[in-house]
Each structure stands twice: as C-alpha cells, then as structure tokens.
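Here is the structure we will look at, set down as structure tokens.
Just so it is clear, none of the values below were taken in a lab; they were calculated from the coordinates. None of these values were measured; they are calculated from a predicted model. All Cβ positions, glycine included, derive from the backbone under ideal geometry; neighbour counts span all protein chains shown.
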Amino acid sequence: MINNFFRIVYRNMLRNKGFSIINITGLVIGMAATMLILLWIQNEVSYDQFHVNKNRIYEVWNRVSVEGNVSCWNTVSAPAGPALEKDLPEVERVVRVNNNKSQLLSHGETRVMKSGNIVDTGFLQMFSFPMLEGNPLTALNDVHGVVVTERTAKSLFNNEDALGKIIKVGELGNFTITGILKDLPNNTRFDFDFLLPWGNLTYEEGQNLGWSDNSTPTFVMLKPNVSYAAASQKARDLKQRYSDEAKTLKWQFFLYPLDRWRLYSSFTNGAEDNGGRGTFVKLFSIIAAFILIIACINFMNLSTARSEKRAKEVGIRKVIGAQKSSLIGHFIGESICLAFLAGCIALFVVQLCLPAYNQLTDKQLFIDFTNVYAILAFIGFILFTGLLAGSYPAFYLSSFQPIKVLKGTFRNANTVLTPRKLLVVVQFTFSTILIICTIIVKQQIDYARSRNIGYNKEHLVYQFMTGDIPKNYALIKNELLSSGVASSVTKTNSPLTERWSNGWGQNWEGKDPNDKTSFDRYLADEGLGVTAGLQFTQGRDFDLQKFSTDSTGLIINESALKVMKFKDPIGKTVDDLGIQWHIVGVIKDFILTSPYEPTRPILICGAKSSFMRFSVMQIKLNKQIAIAENLRKAETIFKKYNPEYAFDPRMVDQEYARKFENERRQSILAGLFGGLTIFISCLGLFGLATYMAENRIKEIGVRKVLGASVLSITGLLSKDFVKLVTISFFVAAPVAWWGMDQWLQSYSYRVGIQWWVFVLAGLLSITIALLTVSYQSVKAAIADPVKSLRAE
C-alpha cells in the first residue's frame with residue numbers, strides 16, 4: 001500500500017517533469033526564505049528569555065511631564081537603587097549597571113582592550129549567565145575582584161587556568177579573577193567582557209551626582225508571588241520623597257517587565273507605542289507569511305491546472321469504490337511528500353545562505369540539529385506547508401463526478417478558472433505590496449541621508465582619551481598639527497554622533513517660569529567650530545588663548561536660541577548646575593543623535609564644566625594627504641605618548657552612517673524577500689502560461705491558418721494575465737499606503753508618500769508579468785499550425 005503510494009507520486013513527478021520542477025523550485029525558495037525569516041524572528045523574541053527569574057525582573061524607568069509632553073527613558077538616579085531596596089518590601093534585589101566602557105586589561109606582557117560594566121554585587125544572582133568557574137553568589141562581593149568571560153580569559157591566559165590570577169584593569173588597578181562566565185549568547189541586551197563590583201565606580205563616571213543625575217540603568221527583582229501592580233504603585237512616587245525638583249515636576253518611576261525590553265521599549269507622550277523592534281518582527285512575520293502563501297498558491301494553481309490529466313484517474317478510483325475522504329487523503333499525502341522533498345532541499349539552501357545572512361542581519365543564527373524541538377518544528381513546518389499547498393487541490397480533484405469524468409464532460413470553465421484567477425490576484429497583490437514598501441523604505445533612508453547634518457564629517461576622526469592621553473593631550477595635539485597629520489584638533493566629552501548628557505532646570509534672563517525644556521549638553525575645548533565645521537550665525541568659537549573667560553563660555557544652537565528668546569544673545573548668562581555660563585556664539589542646528597528626529601536645543605559648555613569630562617579627541621585630518629597615510633602617522637604619535645593602549649580611530653562619517661543601519665538592513669531584507677516573492681509568483685505565472693498555451697494550441701493553429709498575426713495571438717494569450725495583475729495592483733495600493741503610513745508615523749523627520757511610487761510599482765508588476773508569460777505566448781504564436789492541427 002505504502003510502496004504503491006510512493007510509486008504513484010514518483011511516476012506523477014516524472015510524467016510532468018516541467019510542472020514538478022516549477023512546483024518544487026517554488027516551494028524550495030518559499031520554504032528557505034520563510035525559514036531564514038523565522039530564525040531571525042525566533043532570535044528576536046528570545047532575547048533574555050533564558051534568565052531563570054525572567055518573570056520577576058523589571059527595569060526602572062522615568063516618566064516625567066514637561067510642558068504637557070510626557071517623556072519616558074530607562075536610566076534613573078544612582079541613589080534610586082538603594083532607595084527602592086529599602087522602601088519597597090516587595091523587592092528582593094536591586095542591581096545597578098553603569099554604562100559599558102572599554103578598558104585595557106593586562107597580565108604580564110599580554111594586553112587586550114575589552115569592554116565591561118561596573119555592577120552591583122547581586123548582578124549574577126539576578127541574571128542567569130552561566131558561570132564556568134567561581135561562585136555566582138560571591139564572585140562580585142570583593143571590591144578587588146573581577147569576573148571575566150571565557151573569551152576574555154583565553155585572550156589573557158590562553159588555555160591556562162585563569163581563576164585566582166591577578167590582572168590590571170586600565171587605571172583602576174589590580175583585580176583578582178573571581179569568576180569565569182560562559183561567553184554571552186547573542187540574544188541578550190547585555191554586552192560585556194568583564195564585570196567589576198559597584199565600589200569601583202569613580203566620581204567622574206557619575207557615582208556621586210545624586211538624585212539630579214539620571215544616567216544609571218537600574219533593575220529590580222520582585223519577591224516570588226508579589227503583585228507587580230502593588231510594587232509598581234509604591235515605586236511610582238519614590239523619587240518625590242527624596243528630591244524637591246522631582247516633587248515639583250511630579251516625577252514618577254515605573255517598572256518595565258523583562259519580556260518587553262527588546263521589542264517594545266518605545267514610548268510616545270508617556271504611553272507605549274507601536275515603535276521598537278516589535279514593528280520589525282511584525283513586518284517580517286507578514287513577509288514570511290506572504291512568501292509561504294505565494295509558494296503554496298503556485299502549487300495550488302499548477303495542481304488544479306493539470307486536473308484534466310488526473311481526472312480519469314479520479315473517475316476510475318471512484319468507480320472501483322474509493323471514497324472522497326480517501327482521495328483527499330491521497331492527494332494531500334502527495335503534496336506532503338513534495339513538501340518534504342522541497343523542505344530537505346530548502347534546509348540545505350538555508351545552511352548555504354546562513355553565513356551571508358548572518359553578516360547581513362548582524363547576528364549568529366544557526367539551526368540546532370541536536371535540539372528535539374527544532375526537529376519537531378521542522379517536521380511541523382513541512383506538514384503545515386504540505387497541508388496549506390495541497391488542501392485546495394485535494395478537495396477540488398476529489399469532487400469530480402465519475403460519470404462526467406469518463407464521458408469527458410466534467411469541465412466547467414467558470415468553476416475551474418475563477419479560483420485560479422483569484423489566487424493569481426492574491427499572489428501579485430502580495431508582490432506589489434512588497435515592491436511599494438521597498439521603494440518607500442529606501443526613500444525614507446535617502447531622505448534622512450540627504451538632510452543637512454550641520455557639520456562637516458569628512459576627514460574627521462575621533463579617538464577616546466584612554467590611558468595617558470589626558471595628561472599628554474597638549475603634546476599629542478601639537479605633534480599632530482606640526483607633523484601635518486591634522487589641520488585642527490580639539491577635545492570633547494563625547495563623539496559628535498552621540499548624546500551623553502542632557503537635562504533641564506537652567507535659568508536665564510526672561511525665562512518663563514513654566515518652561516521645562518530639556519537641553520542636550522556637550523563639553524568642548526577651543527577649536528570645535530573649525531574642527532567640526534560648525535556654522536556660526538552669531539559670535540565666535542571658544543578661544544582660551546585670547547579670552548581666558550571662555551572656560552565658562554557657552555555656545556548655543558538655533559533651537560536653544562528659540563527657547564531662550566534672546567534678541568541679542570552674545571554676552572547673556574545661563575545658569576546650569578550652579579555655573580554661570582556666558583554665551584559667546586550661536587551655531588546652526590546640527591544632528592547630534594537621530595537623523596530621523598527634529599534637532600534639539602544644545603548647550604556647548606566650556607572647559608570649566610564639573611558634571612562632564614573630556615573623553616574624546618576630535619581630529620580633522622589634513623585633506624592634502626591620503627587618510628591611510630595620515631592614520632599611520634597618527635598611530636606613531638599616539639604610541640609614543642600612550643604606549644600601553646592601541647590607537648583606535650573612529651571615522652565620523654562611518655559612525656554617522658551606522659545611524660541608518662537598522663533601516664538599511666530592513667530595506668535590504670525587504671528588497672531581497674520582495675524579489676524572491678516576485679520570482680516565485682513569476683514561476684507560477686510561467687507554469688500557468690505553459691498550461692494555457694498547451695490547452696489552446698489547436699485554437700492558435702486555427703487562428704494562424706485564418707491569418708492571425710504573431711502579435712495578435714501573443715496579445716490574446718497575455719491579456720488575461722495583464723488584467724489579473726492590474727486588479728492586484730488596485731488591491732495592493734491602498735493596503736501598502738496604509739501600512740507605510742503607519743510605519744512612517746514612528747519617524748518625526750519622514751518622507752511623504754508620493755503617487756508616482758504606486759504608478760512605478762504597478763508598471764513594474766505588469767512588465768514583470770508580461771515578460772514572464774511572453775516567452776510561452778510568443779512560442780505558441782510562432783509554432784507551426786500544421787503540427788498542432790495534425791491530430792484533426
């Protein structure tokens with residue numbers, strides 16, 4: 001019985017080689033693309049889900065209303081951690097994590113640059129990172145202890161036992177390795193090579209800024225069986241008990257659950273919105289569904305198109321007693337066999353594509369063949385695909401009446417063709433939607449890229465001030481300038497592409513008492529204007545050689561000037577955190593953070609700032625010399641004055657380009673999978689055109705004998721497909737417009753949706769369809785009518 005079933009499946013495949021190849025190819029591409037997307041989705045939704053106490057872990061967020069606008073962000077004051085642990089009986093543990101920072105780790109002659117965090121001692125008890133050596137309960141108890149990852153231990157000690165060894169961590173001193181963690185998985189928000197206890201946090205890194213600072217990521221773990229609502233209610237007004245400013249602003253805390261960190265951490269006016277990576281997951285879930293459905297529609301269309309060739313088989317089976325249910329089971333079984341064959345080939349294709357796909361998505365995706373759940377998921381995927389692809393053909397073929405079949409009168413043009421036309425419309429609707437979406441996503445990226453960033457990023461590099469650079473800054477700067485490597489040099493608190501400080505509470509003459517504007521803060525030495533190419537509209541740059549008072553000088557941008565409403569801003573004073581700053585210049589707005597958001601008011605403070613420190617050298621390279629040659633000479637200079645640390649220059653234009661990385665990947669993936677969708681649709685269209693040409697070969701022969709031209713016959717065979725694709729365009733256009741309009745709402749700085757995008761997508765769809773069917777149409781039109789009519 002089983003052998004006979006497989007023999008029939010095999011013979012049917014051989015008897016219809018062309019259609020079988022088209023069917024299997026479409027399923028292979030569709031299943032492979034779907035598997036790749038599902039691997040990406042599985043990685044996204046699994047972020048930090050491996051922690052044992054995941055259902056009890058929350059991140060502490062701020063919520064504060066300023067001039068009617070409610071802002072939310074996920075860093076709070078450093079003292080908030082101990083206060084939460086003390087005041088909330090529902091809290092079992094609180095952990096603070098300072099911002100990730102690179103340090104030079106050394107042991108003997110071995111030196112490596114690694115990034116790490118300073119954390120509270122309970123970090124490894126809250127988060128379940130597997131420890132290979134050491135005790136997670138005590139590893140961070142000793143202020144002179146350090147926990148490293150396996151990769152870090154190997155880079156310092158090769159294969160020697162690292163536990164208990166002493167290493168030097170930057171300028172912080174010597175530390176004993178008290179634990180070795182398994183290398184972090186790629187589905188966690190944390191990214192560190194080592195961990196130090198909280199007691200090693202220095203004043204400059206923000207430990208003692210008190211309740212006025214809000215830059216410390218803080219996590220709480222609730223006790224088992226504690227009400228989240230009750231704990232969140234108690235945490236809400238905690239800051240107001242300790243800070244008068246918080247009381248005035250009605251400052252609130254809220255607890256954000258771990259399972260929403262990766263996908264949903266996006267808020268608009270105080271409420272969680274539809275932004276975040278969850279949007280990407282939904283988008284690519286839809287694309288995966290589109291691709292698989294289109295591949296299955298191909299199977300349905302070609303299976304029903306070939307129904308005549310199997311009609312007598314169905315009739316004979318029914319005459320000898322086959323029930324409809326057994327026929328349905330037989331045909332679905334055939335489709336599952338084909339899906340299994342296609343699935344195995346697709347799995348091989350996925351394995352071949354994974355290295356390039358991982359590079360494109362910046363992930364480390366893989367299929368774990370040792371995981372029984374992965375194997376079961378693969379089998380389930382094949383069964384689902386087989387059922388989806390084979391269900392309609394099975395019910396359709398099994399519905400033939402044996403008397404009509406054996407007489408040859410079973411065909412009814414309306415009932416046979418209508419579902420097939422509908423399926424073609426569905427296919428090209430999905431394809432056209434993806435074409436439109438891909439064009440608009442690319443437009444949005446290009447629109448943001450073309451925005452005036454407000455400074456000149458060409459030939460501009462920066463180097464973090466590690467090791468001895470701070471004390472040797474003047475010597476390094478002079479040598480860079482005198483050697484001709486650089487045309488100008490300055491130092492700042494952060495790169496030009498990042499915001500490291502912001503806040504409100506500033507005062508100035510004529511300020512509205514109700515004004516609670518938040519300003520971005522930036523610290524700069526003299527020469528920032530010429531180094532970065534900032535455009536001054538009033539006043540001047542800092543110049544400590546001519547004006548010693550410029551240490552308390554202030555440069556503001558046009559957005560800040562609009563807030564302060566000064567008619568003549570030069571010389572006006574602004575009080576910020578106890579320092580009286582005097583305005584020396586006004587610059588045009590420049591993009592410090594996201595190119596998709598409006599520019600914010602910025603205060604560029606002079607060297608006297610007590611709440612920021614210089615940590616970045618900004619270097620404008622000599623344009624007359626090749627960049628590679630300049631960097632080679634610069635490395636020699638930095639090695640001379642900072643021998644223990646590697647020279648690690650960052651190109652500002654490359655760092656700025658990274659701001660488009662998510663959208664760029666989204667665009668490439670949408671374009672790639674959109675192209676595959678169109679290709680699969682065209683495979684099906686090609687198969688249908690072949691079937692149609694075979695079915696109408698005698699009609700074409702008669703028409704040619706009666707004088708019909710090749711062009712008229714080609715048009716006759718193609719027009720029905722063009723009609724279907726045109727209908728699909730009118731269905732796809734409003735759906736795509738609505739989807740893209742919703743997507744663009746997450747960007748303040750966004751492109752408008754233009755009519756010509758839809759016209760272009762429609763023309764592309766029709767052109768692709770015409771090119772696909774034209775081969776078979778022309779082939780049929782130029783065939784010798786004598787051969788087609790010989791049987792008559």
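What the table shows:
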quantity: Of Lys114/Lys633; Lys421/Lys723; Lys698/Lys723; Lys239/Lys562; Lys250/Lys572, pairs whose Cα-Cα distance is over 20 Å; calculated: Lys114/Lys633; Lys698/Lys723; Lys239/Lys562; Lys250/Lys572
quantity: Cut-off 18 Å (backbone N to label point 7 Å along Cα→Cβ of Ser748), residues of the range 536-564; calculated: 557-564
quantity: Value of D in µm² per second that Stokes-Einstein yields for the range 453-597, Kirkwood Rh from Cα pairs, at 25 °C (0.890 mPa s); calculated: 148 µm²/s
quantity: Whether the range 119-233 is rounded, prolate or oblate, judged on the alpha carbon gyration tensor where a/c under 1.5 counts as rounded; calculated: oblate
quantity: Dipole of the chain, positive direction: furthest Cα of Phe428, Phe758, Thr636, with charges on the beta-carbon; calculated: Phe428
quantity: Virtual spin-label span in nm between Lys165 and Asp515, 7 Å along Cα→Cβ; calculated: 5.8 nm
quantity: Cα-based shape type of the range 170-258, given that a ≥ b ≥ c are square roots of the gyration tensor eigenvalues and the cut on a/c is 1.5; calculated: oblate
quantity: Residue-wise HN-Hα coupling along the range 290-296, computed from phi with Karplus coefficients 6.51, -1.76, 1.60 (Hz; x: Gly, Pro); calculated: 4, 4, 5, 5, 5, 4, 5
quantity: Volume per residue of the C-alpha convex hull in the chain, rounded to whole Å³; calculated: 220 Å³
quantity: Straight-distance crosslink candidates among aspartates and glutamates, where the alpha carbon sits under 18 Å from Lys719 and sequence neighbours closer than 8 are dropped; calculated: Glu694, Glu699
quantity: Computed [θ] at 222 nm, deg cm²/dmol, the chain (DSSP H ≥ 4; -39,500 (n - 2.57); rounded to nearest 500); calculated: -16500 deg cm²/dmol
quantity: Out-of-range pairs (alpha-carbon distance over 20 Å; input Lys168/Lys608; Lys154/Lys182; Lys477/Lys623; Lys565/Lys588); calculated: Lys168/Lys608
quantity: Global form of the range 537-580, assessed from the alpha-carbon gyration tensor, a/c cut-off 1.5; calculated: oblate
quantity: Label point distance in nm, Ser712-Val143, each placed 7 Å from Cα along Cα→Cβ; calculated: 9.8 nm
quantity: Percent of beta bridges antiparallel (DSSP, the chain, rounded to nearest 5); calculated: 80 percent
quantity: Relative contact order for the chain, counting Cα pairs under 8 Å that sit 6 or more residues apart, in percent; calculated: 15 percent
quantity: The range 25-50 residues near the modelled Ala356 label - backbone nitrogen below 19 Å, point 7 Å along Cα→Cβ; calculated: 25-40
quantity: q = 0.07, 0.11, 0.13 Å⁻¹: log10 I(q)/I(0) that the Debye formula gives for the range 54-270, counting C-alpha atoms only; calculated: -0.24, -0.57, -0.77
quantity: Listed residue (Met300, Ile570, Phe280) projecting farthest to the positive dipole end of the chain, Cβ model; calculated: Met300
quantity: Listed peptides 676-684, 578-586, 131-139, 349-357 by packing density, highest first (mean Cβ within 10 Å); calculated: 676-684, 578-586, 131-139, 349-357
quantity: Charge dipole (debye, nearest 20) of the chain; +1 at Cβ of Lys and Arg, -1 at Cβ of Asp and Glu; calculated: 4020 debye
quantity: Inter-label distance, nm, simple model (7 Å from Cα along the C-beta direction), Gln654/Thr573; calculated: 4.6 nm
quantity: Neighbour-limited loop hits for trypsin sites (Lys or Arg not before Pro), the range 207-261 (at most 14 other Cβ within 10 Å; DSSP other than H, G, I, E, B); calculated: Lys250
quantity: Violating pairs (Cα-Cα greater than 29 angstrom) within the set Lys516/Lys567; Lys86/Lys282; Lys54/Lys282; Lys471/Lys546; Lys54/Lys86; calculated: Lys86/Lys282
